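Chemist: Got a structure for you, written out below as structure tokens; questions coming shortly.
The values are calculated or read from the model by the stated rules, or taken from the named source; none is laboratory data. Predicted model only: the values in this text are computed from it and were never measured. Methodologically, a virtual Cβ is constructed for each residue, glycine included, from the backbone with ideal geometry; neighbour enumeration extends over all protein chains shown.
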């Protein structure tokens, strides 16, 4: 069992790096999804306002 | 991209990885000369394989981006470069850990090690460019060119053991033409590890690609929101 510590170190590094990278990706994706939801709802509200104002103006012009 | 497909691939990766670990630590016989530390090889070589595949994908995506100008190719190239960088780092680190007990040194300026370090530095530069510069089409074009030029180092690394004198073991491409693995259980373990790492690479690539596509959509929606707000202000 000579050099077991080197074997252990190599496999630990591999799984630690992959674990932290996946964790980083999941957290980043969760943050982006949240931003996307807020932006989409903001855009929906502005579009509704735009449609409302357009309808009011066309009624007023008649 | 379908999230169920990504989750399914994650599960397949997990199963393959458990199988590979079982084969590495239980099934495969210990190598006669190097002893137990040679088992690093079964994850070191697959890391190199997926790093090379990733950088080849960066070059292919770069060519398509320069040709078609579609954002999706830029996102794919960026995702492949980042994923490839993870595996290239693991190749260098595990190789160094393996070298210490076998060669008596953490690092030596051997042709294969040096060309691999050059590859790592080239794609490190690519990722620094992407991280520090704005997301403009000009930067994307520049990054595509860097990605294509840097990939030229991959075939040099592969044939470096034939071109120059080296102490790096040539397992897959030996000067004698044999694969260097005499026991069939060693070959089987290497193949399962290769499959596990290929699945892991595709899974990580898909995860990263999805984040980049989401970011692209965010940028588009932010522009759309600005334009719509301006239209509301005009009324």
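Chemist: Give the residue that is surrounded by the most Cβ atoms within 10 Å (Cβ to Cβ), with candidates limited to residues of segment B:74-108 that are in contact with a helix residue (DSSP H, G or I) (Cβ under 9 Å, 6 or more places away or on another chain) and free of Cβ contacts under 8 Å to residues at least 24 places away in the same chain.
Modeler: B:99
Chemist: Another one. If I filter segment A:18-33 for residues that are within 30 Å of residue B:30 (Cβ to Cβ) and part of a helix (DSSP H, G or I), do I get at least one hit?
Modeler: So far as segment A:18-33 goes, yes, one or more of its residues are within 30 Å of residue B:30 (Cβ to Cβ) and part of a helix (DSSP H, G or I).
Chemist: Condition check: touching a residue at least 12 places away in the same chain (Cβ under 8 Å) and more than 12 Å from residue B:78 (Cα to Cα). Does residue B:125 satisfy that?
Modeler: Here the answer is yes, as residue B:125 does meet what is asked.
Chemist: Run down B:16, B:57 and say which single residue is at pLDDT 95 or above, under 24 Å from residue B:158 (Cα atoms) and crowded, with 19+ Cβ neighbours inside 10 Å.
Modeler: Answer to the selection: B:57.
Chemist: When you go through B:65, B:27, B:42 one by one, which is the residue that is closer than 17 Å to residue B:187 by Cβ and away from chain A (no Cβ under 14 Å)?
Modeler: B:27
Chemist: Moving on. Quick check on residue B:190: is it surrounded by 15 or more Cβ atoms within 10 Å (Cβ to Cβ) and more than 10 Å from chain A (Cβ to nearest Cβ)?
Modeler: yes
Chemist: Say we look at segment A:1-37 and pick out the residues that are more than 7 Å from chain B (Cβ to nearest Cβ) and over 31 Å from the mean Cα position of the chain (by Cα); which of these is nearest to residue B:207 (Cα to Cα)?
Modeler: A:8
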